[in-house]
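The structure under discussion appears below in the form of structure tokens.
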Amino acid sequence: MSDFPDTPRHIAVIMDGNGRWAKERGLPRREGHRAGAESVREITDTCIDLGVEYLTLYAFSSENWNRPESEVKALMALLDRFLAEKAKELDRQKIRLLAIGQLDRLPAKTRNLLDRIMARTADHKTMTLVLALSYGGREEIVSAAKSLAVDAAAGVLSPDAITAEVFASRLQTAGIPDPDLLVRTSGEMRVSNFLLWQISYAEIVIVKKFWPDFRRNDLVEAVNEYQRRHRRFGAL
Ligand code: FPP
């Protein structure tokens, strides 16, 4: 639990603007992603310091497969490097790593790295870092609906027994509290198929800066903004 009043328990981030950050500097897009990976490290550490319990990062969407092969390769290589370098540190910092998304679409090397680190950090309690990889909110919802339909068709689940809680238990985020705060960088005001079910009541903070420029103080500022808002959950 956090020592700070009203710290969001779960922060979810749409890390946007790596490409534009690179373009502004006349650099290839992969350099923007590389700088973005530095922000990932700093924001993870900041969340630990603030006492945030869950941090979910939108690292690769199901639509990102449509990018040029060279960019997809560069992103996977960056992810592999991040995982390989961070494995020991995650263990030392007592961070549990989870991944959500269509993980079977990832290269075998990346999947193996993820599996190894997830197994090694499974019991850690300081914070949970959730990487959304090859992730799409609609796909996740369709898959949950299918699993309920299979049980209903088999007669082991009555349609009347399907509640919001039962539905949520079939999502990949089962057991993870919904995000309290959703941050998106680069000024875009879209949710882009990210955690569609889970962000129903999240406070949304849009930050103008591109992701590679989003660092410790920017996250603290976003949390301050969250704390200033009166959270009503639809009630008066
Ligand atoms: C959006 O920028 C960002 C991504 C598609 C990928 C996010 C990846 C990282 C931050 C680096 C690697 C991740 C980890 C977990 C180490 P964009 O390319 O859409 O930017 P643009 O909208 O300016 O083109």
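The values are calculated or read from the model by the stated rules, or taken from the named source; none is laboratory data. From a predicted model like this one, the values you see are computed outputs, not experimental measurements. Cβ sites come from the backbone with ideal geometry, for glycine too, and all protein chains shown count toward neighbours.
What the table below lists for this structure:
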quantity	calculated
Only one of 109, 146, 86, 94 that is at pLDDT below 95 and of a type outside the set (A, V, I, L, M)	86
Extreme residue, surrounded by the fewest Cβ atoms within 10 Å (Cβ to Cβ), among residues of segment 13-22 that are part of a helix (DSSP H, G or I) and within 7 Å of the ligand (Cβ to nearest atom)	20
Conditions (1) within 20 Å of residue 18 (Cβ to Cβ); (2) of a type in the set (A, V, I, L, M, F, W, C); (3) in contact (Cβ under 8 Å) with a residue 60 or more places away in the chain: number failed by residue 98	(1)
Neighbours by Cβ (under 6 Å, 6+ apart or cross-chain): first from segment 155-168, loosely packed, with under 10 Cβ neighbours inside 10 Å; second not acidic (Asp, Glu)	159/152
